[in-house]
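Let me begin by presenting the structure, written as structure tokens, before commenting on it.
The values are calculated or read from the model by the stated rules, or taken from the named source; none is laboratory data. Owing to the predicted nature of the structure, the values given are computational and were not obtained by experimental measurement. We place every Cβ from the backbone using ideal geometry, glycine too, and count neighbours over all the protein chains shown. What goes into the accessible areas is simple: the full protein's heavy atoms, side chains included, and nothing from ligands, DNA or RNA. Shrake-Rupley method; radii C 1.70, N 1.55, O 1.52, S 1.80 Å.
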Amino acid sequence: MSQSKPVVPQNDNVAHALAGAGGGILSMALTYPLITLSTRAQVESKRSADTTFLAAVQKIVAREGISGLYSGLSSALFGISVTNFVYYYWYEWTRAFFEAAAVKAGRASKKLTTVESMIAGAIAGSATVILTNPIWVVNTRMTTRKAAAADDDEKNTAALPGAPPAKKPSTIGTLLALLKNEGPQALFAGVVPALVLVINPILQYTLFEQMKNAVEKRRKMTATLAFFLGAAGKLFATSVTYPYITVKSQMHVAPASDGTGTQKREGMMEAINRVVREEGYAGLYKGIGPKVTQSVLTAAFLFAFKDVLYEQTVKLRGRVTRKALA
């Protein structure tokens, strides 16, 4: 007697969360050098940020080696796994709620409407920002401080030939230094623009869901189609919200005081006005090339990986359950 194909449940929050975390790790590992380039461009001066893509890569490799392109990768992988796990758990929980409500109301289709997709994205995104902002503050500090450390090495070498290079900061070291020097509140720097940026996944996932619904009326969804639909959704969302991404990165690395003990952390609008005043509106779009490329590729890979990982997670759990009951 042949085994029947396991039925994949439509609203399994944990399986979706695990698949999203795994897909996020794989996609970020593949595209991380682009994150390094865009993050450094966002927080550096206009003159430094105007460096061409190839020149920026060569500069980092010359100063720090290939590993410089992966500064802060460990905290980023941890961050994306937690971020995606939380996001997909709450998104699928909200989706299940709306689908149950649609059945109860006798609606012909259980698929989420545009408004329901936006609400689901807002709930999931807000929960994710609040829980994971500290991780991304540390990651941004890691990504940018390694560049500063490399500059210091160059200065030290020029002043004292043969002097040992400064020790590169670790993830834990960066976190402890942040807590010691600036206090726990520093871990929530940039949380306001991050909450505003919840509109990014709202736009991305709403557009993706509606395009997916349209495709599924005519044909079965495949990993290749998910790749291109995910890319289209992320391209639109990142292009619209990029100024807030720049401001969030700058707020992550801004010191809590001016060195005299005076608190001077900028608010979101103050940061936007400062960038426009000092660099013009173009300053809000520093590093947009590598960032859009990275975001689009990451989203595309994520959507391509996620469905496959979801099915494999369900199958693995089914095998484990059957063995436990045997």
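Structure summary
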read-out: Selection status of Gly68, in contact (Cβ under 8 Å) with a residue 40 or more places away in the chain, in contact with a Phe, Trp or Tyr (Cβ under 9 Å, 6 or more places away or on another chain), surrounded by 18 or more Cβ atoms within 10 Å (Cβ to Cβ) and in a helix (DSSP H, G or I); value: no
read-out: Qualifying residue in the range 47-60 (condition: open to solvent by less than 30 Å² (accessible area, probe 1.4 Å), at pLDDT 65 or above and either under 20 Å from Tyr91 (Cα atoms) or assigned to a helix (DSSP H, G or I) (or both)); value: yes
read-out: Checking Arg322 against (1) at pLDDT below 80; (2) assigned to a helix (DSSP H, G or I); (3) not aromatic (Phe, Trp, Tyr), the condition it does not meet; value: (1)
read-out: Selected residue (only one of Ala17, Ala101 is modelled with pLDDT of 85 or more and over 19 Å from Val308 (Cα atoms)); value: Ala101
read-out: Residues being open to solvent by 60 Å² or more (accessible area, probe 1.4 Å) and among the aromatic types (Phe, Trp, Tyr) - total across the range 92-117; value: 2
read-out: Hey, Leu225 among the aliphatic types (A, V, I, L, M) and crowded, with 18+ Cβ neighbours inside 10 Å or not; value: no
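Residue by residue, here is whether (1) out of contact with any Lys or Arg (no Cβ under 7 Å at 6 or more places or on another chain); (2) open to solvent by 20 Å² or more (accessible area, probe 1.4 Å); (3) modelled with pLDDT under 80 holds:
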site: Phe236; (1), (2), (3): yes, yes, no
site: Val240; (1), (2), (3): yes, yes, no
site: Gly261; (1), (2), (3): yes, yes, yes
site: Ile272; (1), (2), (3): yes, yes, no
site: Val276; (1), (2), (3): yes, yes, no
site: Tyr281; (1), (2), (3): yes, yes, no
site: Val296; (1), (2), (3): no, yes, no
site: Thr313; (1), (2), (3): yes, yes, no
